[in-house]
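Coordinate-derived values only; no laboratory data. From a predicted model like this one, the values you see are computed outputs, not experimental measurements. Glycine gets a Cβ as well: all are built from the backbone with ideal geometry, and neighbour counts include every protein chain shown.
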């Protein structure tokens, strides 16, 4: 009898723990009906990202019966490499303290951005790029460029874009300063052709602009400039583009401080000024620029961006679906569809959604169903079982 009671108590405690960990979904949005059955993409816009966690674990799609509909999350970071980059052949890739990667631009196209497809790595490196027409005598193109950890939460590879002055060398050499650490795993390399507009392809940009951010610049007596940035909503971002209007020539150390984490960079007047880092939803953070004895830089604008990401799912014609969002304790779902992601076309029609609205206070959506009404009966039952156990143990002690 005691064993049975203990088992019942364990079951009830487990139930209460499960319910406590099963936080409720707070928002939902209707998915607009589609006129043809098939796979569709739903854009995770800046607005939509403000309602979900950085990991994107707390997204669900449900049908009219509130049953889950499988989906996958796909970032255009890696898929755009296939669609928007022309290949650069990797001639050599030697690994040491300095990792040397030589790329061939056989057509001698004019290149303004080199893309490296990398296996995920949460690291920071600096790189130098030089060019050559004979693969022997090298000429400087750019120095001390930041190579940062733009890794993706939903894939195991990502694209690192390296902006360079327009160049048409047949060979490019990238020197990555690994110091004493392991080399980066470079899968392939490519470039975006500056005179081929993306309008000729149905693919979207790799990043989605969140719009301008409000900021205040303060030039401190410690010779550093502090740019305090505020976002209007907690949307996700993992890239900042800043426009500096003065001085004309500069090369300085800088850091972005987000939630106590510091990300170091070198900014220069001969390169695009952008900062990349792991995804964040912080609404307030700051940039620190080390001016030394130089006049402070003057910031004109700050734009935050996030990797363009989509929800991929199968929708039936004229069926009713909705997105369910905002559950900080939700775990990533395990759908069979993930095993077939490589067979899903990279070009998909877009399914629109309605406005994201909160659930009424008396309507809460759990991962499968609402267990709110079962909590108090479970607590009462657990208390009764504990009381019964205590009573029986007291009786047994008295007998002994």
ask   = Which distance in Å, rounded to a whole number, links the C-alpha centroids of segment 22-58 and segment 290-321?
value = 17 Å
inquiry  = Taking 0.36 nm per residue of sequence separation and subtracting the Cα-Cα distance, how much length would be gained by fully extending the chain between residue 107 and residue 214, in nm to one decimal?
reply    = 34.2 nm
request  = May I ask you to derive the FRET efficiency for residue 94 and residue 268 from their Cβ-Cβ distance with R0 = 22 Å, giving the value to the nearest 0.05?
outcome  = 0.25
inquiry  = Given an 8 Å cut-off on Cα distances and at least 6 residues of separation, report the relative contact order of segment 86-191 as a percent.
reply    = 44 percent
task = Could you sort 320-328, 286-294 so that the peptide with the highest average Cβ count within 10 Å comes first and the rest follow in order?
result = 320-328, 286-294
request  = Using a Förster distance of 22 angstrom, determine the FRET efficiency expected from the C-beta separation of residue 259 and residue 300, and round it to 0.05.
outcome  = 0.30
inquiry  = What FRET efficiency comes out for residue 341 versus residue 43 if R0 is 25 angstrom and r is the Cβ-Cβ distance? Round to the nearest 0.05.
reply    = 0.90
key: Rg/Rh (Cα only; Kirkwood hydrodynamic radius) as it applies to segment 86-191   = 0.94
query = Exposure proxy check: 229, 187, 61 ranked by fewest other beta carbons within 10 Å?
reply = 187, 61, 229
note = Computed on Cα atoms, the radius of gyration and Dmax of segment 207-307 in angstrom are 12.8, 37
task = Rank by packing, highest mean first: peptides 89-98, 298-307, 27-36, with packing defined as the count of other Cβ atoms within 10 Å averaged across residues.
result = 298-307, 27-36, 89-98
